[in-house]
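S.K.: There's a structure below that I have some questions on.
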There are 2 protein chains.
Amino acid sequence: MSVRADRLLRSARQVAFFRKAGRKGQARQIVDGILPHTAVEFPMEYPVTTEIPLTDPRYNAILSEFYTDVTAHLQSLAQAGENVIVLCEGDPFFYGSFMHIYTRLKDHVPIEVVPAITGMSGAWTATGLPITWGDDVLTVLMGTLAKDDLVRHMTDTDALVIMKIGNNFDKICDALRVAGRYDAAWLIEFATMPQQTVMRLVDATDRGAPYFSIIVVHGQGCRLWAAGWS
Amino acid sequence: MSVRADRLLRSARQVAFFRKAGRKGQARQIVDGILPHTAVEFPMEYPVTTEIPLTDPRYNAILSEFYTDVTAHLQSLAQAGENVIVLCEGDPFFYGSFMHIYTRLKDHVPIEVVPAITGMSGAWTATGLPITWGDDVLTVLMGTLAKDDLVRHMTDTDALVIMKIGNNFDKICDALRVAGRYDAAWLIEFATMPQQTVMRLVDATDRGAPYFSIIVVHGQGCRLWAAGWS
């Protein structure tokens, strides 16, 4: 967590965070012991996560209503003069749910976004190997893409990060094999958390992976000074 | 800066950092007021930066010797029982000079890498717009790539980050025009620093940009809930 986020949280009066219904919430758990006991908490519980397929038109409608509702509450707090902190896992502008609030609110109340360490930085750091060197191209892919799209992008890049794994695990592994990147891939689960695991993808097959795990293929870039290594 | 990096720095006894000869050093300047006065500093001055073209074989040889020399010094400190902190701007494993030390040292002394906020996170946050949504593909390109390679990657991605601008500015602008991404591009100089500037790239042409500026094109991804916006 950044020093700036830490400072904001220690003096927080109002804190909002997303969570799955019935859970404590990952983001909320991370700030345990940092938030003052007096902070008023506003858990924003997703009405659905994986119960309805993304392609079902109801999914769209239900989540839209959810974001509109929570945004209305946040807006009313801000207009009553409160400073509200919205917790995000990773960088607020890099994928994630916060943007759906941000886009709805930004023309109505002032919003300050604090950049953060992305989950993918935590993941490649956990492998103990640099992700990109020299002129390497880095491509970040969501496992939800079609297999053909995955293969095309995996083939035409040096370094590779794949997120949103879960049910897409087998499709992603197939695509990596077709692209010739499978043997070089790593799987990182729960990056930077106490339960973090790091392994070669070849050792993880038939095992699956949680939705929030990350697959990484390191760039082998132009290592200008390799000739001089002793 | 992360809380963890801040803590390490406040109790630092030995601190190493890269800088251009004759400069104070960007990374060193950022930690002014955090480092204890008693910390022993080891500035690692690049023997060349832009005086010799990258393609000159001397460039390779000179920098190789430089990395070998500074690594030897860091190794001797570590083997004498010292904890040495190497300052990095951005994430240590995401491009940058630290990896050339890391690769030479990692089999000889224990190294702990602290992930950090990347310069590109700072840059897209400064634009006030999310960089990636839903299934967006993000591609990170170095301006040092050949124009054809730039165009190909710029065409086949949603969101785009381009780093190492400087002398490559005109080539990058041309490539963005060919790829049809020029009008949507933003230029951020000195992201997160006091002298930060943010502008549309169309307003920056004929102006050039420093080497460490960043160009960003935001993804327009699958905004699942756009239909419900009110």
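Values quoted throughout were computed directly from the atomic coordinates according to the rules given, and no laboratory measurement underlies them. Here the structure is a predicted model, which is why all the values come from computation and not from measurement. Positions of Cβ are backbone-derived with ideal geometry, glycine not excepted, and every protein chain shown enters the neighbour counts.
S.K.: List the residues, sorted by chain then number, that are 5 or more residues from A:LYS164 or on another chain and whose placed amide H is less than 5 Å from its amide H.
M.R.: Amide H to amide H, under 5 Å and 5 or more residues apart or across chains, A:LYS164 pairs with A:GLY143.
S.K.: Taking a ≥ b ≥ c as the square roots of the Cα gyration tensor eigenvalues, with a/c under 1.5 meaning rounded and otherwise prolate when a/b beats b/c, else oblate, which class fits the stretch B:3-105?
M.R.: Verdict is prolate for the stretch B:3-105.
S.K.: Same structure, new question: Taking a label point 7 Å from Cα toward Cβ, how far is A:PRO53 from its twins in the other copies, in nm, shortest first?
M.R.: Label point to label point, same position, other copies: 5.6 nm.
S.K.: For the stretch B:4-69 and the stretch A:68-94, what is the centre-to-centre distance using only Cα atoms, to the nearest Å?
M.R.: 40
S.K.: Right, here's the next one. Distances from A:GLU65 to the same position in the other copies: list them in nm, one decimal, shortest first, using label points 7 Å from Cα along Cα→Cβ.
M.R.: Label point to label point, same position, other copies: 7.3 nm.
S.K.: Could you list the trypsin sites (Lys or Arg not before Pro) in the stretch B:108-214 that lie in coil according to DSSP, counting only those with at most 15 other Cβ atoms within 10 Å of their Cβ?
M.R.: B:ARG207
S.K.: Average partner chain C-beta neighbours within 10 Å, per residue of B:92-104?
M.R.: Values: counts 3, 11, 12, 10, 3, 0, 1, 8, 8, 0, 3, 7, 4.
Average per residue, whole number: 5.
S.K.: Still on this structure: Give the average, rounded to an integer, of partner chain Cβ atoms located within 10 angstrom of each Cβ in B:212-219.
M.R.: Details: counts 0, 0, 0, 0, 0, 0, 1, 1.
Counting other chains' Cβ atoms within 10 Å and averaging over B:212-219 gives 0.
S.K.: Please list the non-local residues whose amide H lies under 5 Å from the amide H of A:ARG200, H modeled 1.01 Å from N, same-chain partners needing a gap of 5 or more.
M.R.: Close amide H contacts, sequence-distant or interchain: A:LEU187.
S.K.: Output the peptides A:6-17, A:110-121 sorted from most to least packed, where packing is the average of other Cβ atoms within 10 Å over each peptide's residues. Show your work: numbers first, answer last.
M.R.: Values: A:6-17: 16.7, A:110-121: 20.4.
For the peptides A:6-17, A:110-121, the packing ranking is A:110-121, A:6-17.
S.K.: With only alpha-carbon pairs counted, each pair once and no self-pairs, how large is the Kirkwood hydrodynamic radius of the protein assembly as shown in angstroms?
M.R.: Evaluated on the protein assembly as shown, it is 23.5 Å.
S.K.: Quick check on chain A: helices-only [θ] at 222 nm, where DSSP H runs of length 4 and up contribute -39,500 (n - 2.57) each and the sum goes over total residues. Nearest 500, please.
M.R.: Rounded to the nearest 500, the figure is -9500 deg cm²/dmol.
S.K.: Can you list the distances in nanometres, one decimal and ascending, from the A:ASN83 label point to the identical position in each other copy, with the point 7 Å along Cα to Cβ?
M.R.: 3.1
S.K.: Ranking request for peptides B:90-97, B:18-25: highest mean number of other beta-carbon atoms within 10 Å first, then the rest in descending order.
M.R.: B:90-97, B:18-25
S.K.: Let me ask something else. Pull out a ≥ b ≥ c, the square roots of the eigenvalues of the alpha-carbon gyration tensor of the stretch B:39-168, then state rounded if a/c is under 1.5, prolate if not and a/b is larger than b/c, and oblate in the remaining case.
M.R.: oblate
S.K.: Label-point separation (nm) for A:LYS20 and A:HIS73, each offset 7 Å from Cα along Cα-to-Cβ?
M.R.: It works out to 2.0 nm between the two label points.
S.K.: Here is a further query. Hey, got the dipole for the stretch A:56-189? About the Cα centre, +1 on K and R Cβ, -1 on D and E Cβ, debye to the nearest 20?
M.R.: Charge dipole, the stretch A:56-189, about its Cα centre: 200 debye, nearest 20.
S.K.: B:VAL114 to B:PHE42: FRET efficiency via 1/(1 + (r/R0)^6), r the Cβ-Cβ distance, R0 25 Å, to the nearest 0.05?
M.R.: 0.85
S.K.: What ranking, highest mean first, results for peptides A:76-89, B:27-40 when packing means the other Cβ atoms within 10 Å averaged over each residue?
M.R.: Top of the packing list down: A:76-89, B:27-40.
S.K.: Under the definition of partner shielding as Cβ atoms of other protein chains within 10 Å of a residue Cβ, what is the mean value for peptide A:150-162? Walk me through the numbers on the way to the answer.
M.R.: Working: counts 1, 0, 2, 5, 0, 0, 5, 5, 1, 2, 0, 2, 0.
Mean number of neighbouring Cβ atoms from other chains: 2.
S.K.: Could you give the dipole magnitude of the stretch B:119-217 about its Cα centre, charging the beta-carbon of Lys and Arg +1 and that of Asp and Glu -1, in debye to the nearest 20? Each step should come with its number before you reach the end.
M.R.: Numbers: 8 positive and 12 negative charges, 45 e Å.
Dipole about the Cα centre, nearest 20: 220 debye.
S.K.: A follow-up question, please. Relative to the Cα centre, what is the charge dipole magnitude of chain B, using +1 at the beta carbon of each Lys and Arg, -1 at the beta carbon of each Asp and Glu, and rounding to the nearest 20 debye?
M.R.: 380
S.K.: With each label point set 7 Å from Cα along the Cα-Cβ vector, what nm distance links B:ASN167 and B:LYS106?
M.R.: That separation, rounded to one decimal, is 3.0 nm.
S.K.: Calculate how many DSSP beta bridges within chain B are antiparallel, expressed in % of all such bridges and rounded to the nearest 5.
M.R.: Antiparallel bridges: around 40 percent, rounded to the nearest 5.
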